[in-house]
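The values are calculated or read from the model by the stated rules, or taken from the named source; none is laboratory data. The model shown is predicted, which means the values in this text are computed figures rather than measured ones. Here the Cβ positions follow ideal geometry from the backbone for every residue, glycine too, while neighbour counts run over all protein chains shown. The protein model used for the area step is the full one, side chains on, heavy atoms only, and it has no ligands, DNA or RNA in it. Shrake-Rupley method; radii C 1.70, N 1.55, O 1.52, S 1.80 Å.
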Amino acid sequence: MKLSKIANYIAKGGKKLVLSCLPLMLGVLTGLGVGTFAPPAAHASNPLLADNPIEAIEDAFGPGTGEQIEGKVKKDIGTVQRNLGKASGQIEGAAKQVKGSAEQGIGQVKNKVDRDIDTVQRNSDKAASELDDASDNVVDAVKDFFGQ
């Protein structure tokens, strides 16, 4: 594929594909092939191994292409960092949610225990009062029986 065809493809909206495949394409275009070790003499002709690879890329593909690649790499790094931040934030949020649920459960148990203690206290007071009344009735019945 000639550089003019690549430029036309980029102009028609194929930037994303071209930018993601650019290192591979540069290796092929410079005659190094993929996955081969370039001898020291080939370094000068390989834009990826040049002193300023961005400048070499822009010489090969036009102005702004190197900056687009740099921008895409920085954007992708930022996306990864943001997603890691979200993940750690989600972990912290989940931990807070579990802690909050536990505290809520403890509060509910304490409330139930307090209500049960009040109920037992009222029932025991009522039973004591009824027992006192019953004992008074027994004493009165015994006195009546013996005429006192």
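Estimated at the nearest 10 Å², the accessible area of Lys74 is 140 Å² with a 1.4 Å probe. Ranked by solvent-accessible area (1.4 Å probe, protein heavy atoms only, all chains present), the residues Phe61, Phe146 order from largest to smallest as Phe146, Phe61.
Express in whole angstrom the spacing between the alpha-carbon centres of segment 79-95 and segment 108-126. Their Cα centres are 44 Å away from one another. For Val120, the solvent-accessible surface with a 1.4 Å probe is about 100 Å², rounded to the nearest 10.
With the simple model of a label 7 Å out from the Cα in the direction of the Cβ, Leu131 to Val98 spans 4.8 nm. Summing charges over neighbours of Ala128, with a neighbour being any other residue whose Cβ is under 14 Å away from its Cβ, gives -3 when K and R count +1 and D and E count -1.
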